[in-house]
Amino acid sequence: MNARDLISALGGTEALTTETGLSEGRISQWRTANYIPKPWVKFLRARFPTEVDWDDVALADKEVKQPAA
């Protein structure tokens, strides 16, 4: 799942503007660029923990899981 798919899965531009307080233009920029900044990915993951399979989300800013030591 890329940024465009994630935005759609979380309810689209309007829903994310409500949840984040950002403008529709900013969310549309994310969709156009197919890129969501890392701090916002963290926010969305915390806000919507079960709405998507976060292990299937392939974003440039995705955190790399380190193996347990």
Which peptide among 3-14, 28-39 comes first, and what is the full order, when sorted by highest mean count of other Cβ atoms within 10 Å?
-> 3-14, 28-39
With a 1.4 Å probe and every protein chain kept in, tell me what percent of the accessible surface of the chain is carbon plus sulfur.
-> 49
In degrees rounded to 10, the 0-90 angle between helix 24-33 Cα long axis and the longest Cα principal axis of the chain is 50
The list (i) 4.6; (ii) 6.9; (iii) 3.9 gives values of mean projected area of the Cα convex hull in nm², and only one came from this structure; which label was calculated from it?
-> (i)
Would you mind working out the accessible area per residue for the chain, using a 1.4 Å probe, and quoting it in Å²?
-> 65
Given labels modelled 7 Å from the Cα in the Cβ direction, how far is it in nm from Ser23 to Lys42?
-> 2.5
Taking the dipole of the chain about the Cα centre (Lys, Arg +1; Asp, Glu -1; charges at Cβ), the one of Thr20, Pro39, Pro49 that reaches farthest to the positive side is Pro39
Round to the nearest 10 and give me the degree value, 0 to 90, for the angle of helix 38-47's Cα axis relative to the longest principal axis of the chain.
-> 90
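The values are calculated or read from the model by the stated rules, or taken from the named source; none is laboratory data. Just so it is clear, the structure is predicted and the values come from calculations on it, not from any experiment. Glycine also receives a Cβ, built like all others from the backbone with ideal geometry; neighbour counts cover every protein chain displayed. Accessible surface areas use protein heavy atoms only, side chains included; no ligands, DNA or RNA. Shrake-Rupley method; radii C 1.70, N 1.55, O 1.52, S 1.80 Å.
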